[in-house]
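Note sheet for the following structure.
The values are calculated or read from the model by the stated rules, or taken from the named source; none is laboratory data. Just so it is clear, the structure is predicted and the values come from calculations on it, not from any experiment. Positions of Cβ are generated from backbone atoms using ideal geometry, with glycine treated the same way; all protein chains shown enter the neighbour counts. Just so you know, the surface numbers come from the protein's heavy atoms only, side chains and all, with ligands and any DNA or RNA stripped out. Shrake-Rupley method; radii C 1.70, N 1.55, O 1.52, S 1.80 Å.
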Amino acid sequence: MMNKLGVHALVWCGGWSEAESARAIGATAELGYDLIEIPLLDPAKVDPARTRCQLDEHGLAAVTSLGLSFDADISSPDIEVVARGEALLNDALAVTAALGADYMGGVIYSALGKYPGPSLPEGRANCVAVLTRLAEAADRAGVTLGLEPVNRYESNLINTAEQAMALIADTGADNIVVHLDSYHMNIEEGNLARAVEVCGDKLGYVHIGESHRGYLGSGTIDFPQLFRALAKAGYGGAITFESFSSVVVDPLLSNTLAVWRDVWTDSRDLADQAKRYIKTQLEAARHAV
Ligand code: MN
């Protein structure tokens, strides 16, 4: 079982100009990663044709991710806000397909940010309705959608694997998967292995990030437990390294994620170490189960 290994573009650059995308894609390929995850919080900032040429030049695959804003939140009870969110998701899906990518995930079910109160049943129903329609469009484009449970300060709707599974079941779509992220799991899941088990074959994408989102192995996350659970589940999907430091800033994303400190300064050293760390963990887990 060979998992494709990826790196999030924010390890390299905060924007997606021609020079930035060339540098991010080139460096990702040089380090031997299989794919790059491109953020689409503002889909208009990504030129899919140009990016696709750069990807092809390096033989690299892409996936995309985004979180919604509070004025384009499909889990809102306000139908105008929901409509803006649905339009944005459709724009992001079009860019994803034009990139030749087969996966779009993240906080595509609510705003990415701290809510002032709990989610509302009518808001959740709006989310289910939009995701059901989006999944149909994604299916026609050959794209799988991923719902990423995030910690309580970044959404009030899906904080755990169990909540993601329940929402997927409510859509009835078979091309929506769970996208687990070790950084968020470390905050919200009582047991990392149990969260993987809960997803079963609906686990479709994994983010590997440290407890402080810096160098893997320098924080408090029990990665051996998580990788053993992935091996035991026979998980064969992508594993993408995600890390944020204030040396690389995307004005839309960095403030939302509360990236206030330099937890690293050298992107290449960080990404190189992460790939070696993940490979070592995968190998050890394979022998352990
Ligand atoms: Mn993540």
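Shape annotation for the chain: C-alpha extents along the principal axes are 46, 42, 37 Å, from largest to smallest. The Cα center of the range 189-262 and the Cα center of the range 67-114 differ in position by 21 Å.
Relative contact order for the range 1-114 using alpha-carbon pairs under 8 Å, separation at least 6, rounded to a whole percent? Working shown, then result.
Numbers: 182 pairs, mean separation 29.1, N = 114.
This gives 26 percent for the range 1-114.
Of L167, A231, G190, which is farthest on the positive side of the dipole of the chain, counting Cα position, with +1 on Lys and Arg Cβ, -1 on Asp and Glu Cβ, and the Cα centre as origin? Farthest along the dipole direction, towards plus: A231. Enclosing the Cα atoms of the range 125-269 in their convex hull gives a volume equal to 130 cubic angstrom per residue. Springs between Cα atoms under 10 Å define the GNM used for the chain, and in it the highest mean-square fluctuation of T144, T160, T220 occurs at T220. Here the range 158-289 is treated with +1 on each Lys and Arg Cβ and -1 on each Asp and Glu Cβ, and its dipole about the Cα centre works out to around 380 debye. Once you list every other residue whose beta carbon is under 14 Å from the beta carbon of L93, what net charge do they have if Lys and Arg are +1 and Asp and Glu are -1? Its environment carries a net charge of -3.
Quick one: divide the alpha-carbon radius of gyration of the range 139-200 by 2.2 N^0.38 Å and tell me what you get. Please list the in-between numbers first.
Working: Rg = 11.8 Å, N = 62, 2.2 N^0.38 = 10.6 Å.
In units of the globular-protein estimate, the range 139-200 measures up at 1.12.
Within the accessible area of the range 145-289, the carbon and sulfur atoms contribute 47%, probe 1.4 Å, all protein chains present.
Each Cα pair under 8 Å and six or more residues apart adds its separation to the average, and for the chain the resulting relative contact order is 18 percent.
Before rounding to the nearest 500, sum -39500 (n - 2.57) across all DSSP H runs of length at least 4 in the chain and divide by the residue total; then give [θ] at 222 nm in deg cm²/dmol.
My calculation for the chain gives -13500 deg cm²/dmol from helical runs alone.
May I ask you to give the solvent-accessible area per residue for the chain, in square angstrom, as obtained with a 1.4 angstrom probe? Kindly include the intermediate steps, with their values, before the conclusion.
Working: 11730 Å² over 289 residues.
Spelled out: the 1.4 Å probe surface of the chain, per residue, equals 41 Å².
When Rg and Dmax are taken over the Cα atoms of the range 202-289, they come to 14.1, 43 Å.
List the trypsin sites (Lys or Arg not before Pro) within the range 88-183 that DSSP assigns to loop and that have no more than 16 neighbouring Cβ atoms inside 10 Å. Spell out each step's value before the answer.
Numbers: sites: K114, R124, R133, R140, R152; in loops: K114, R152.
The qualifying sites are K114, R152.
Which Cα, out of V82, H58, A92, lies furthest along the positive dipole direction of the range 44-93 (beta carbon charges, K/R +1, D/E -1)? After comparing all options, I get H58.
Scalar couplings 3J(HN,Hα) for the range 231-248, obtained by applying the Karplus form with A = 6.51, B = -1.76, C = 1.60 to θ = phi - 60°, are 5, 4, 7, x, 5, x, x, 6, 10, 10, 7, 10, 8, 9, 9, 6, 7, 10 Hz; x denotes Gly and Pro. The mean sequence distance of close C-alpha pairs (under 8 Å, at least 6 residues apart), as a share of the length of the range 100-228, puts its relative contact order at 23 percent. Take 98-105, 264-271 and order them by the average number of nearby Cβ atoms within 10 Å per residue, most first; the result is 98-105, 264-271.
The convex hull of the Cα atoms of the range 3-153, projected and averaged over all directions, covers 8.9 nm².
Max-minus-min Cα coordinates of the range 1-70 on each principal axis give 39, 27, 19 Å, with the largest extent listed first. If you count Lys pairs in the chain whose Cα atoms are under 22 Å apart, skipping same-chain pairs closer than 8 places in sequence, the total is 7. Taking the Cα centre of the chain as reference, the dipole from Cβ charges on Lys and Arg (+1) and Asp and Glu (-1) amounts to some 580 debye.
Near the amide H of D181, within less than 5 Å, lie the amide hydrogens of H207, all on another chain or at least 5 residues away, with H placed in the peptide plane.
May I ask for the net charge around A164, where only other residues with Cβ less than 10 Å from the Cβ of A164 are counted and Lys, Arg are +1 while Asp, Glu are -1?
Values: positive: K202; negative: E148, E162.
Around A164, the surrounding residues sum to -1.
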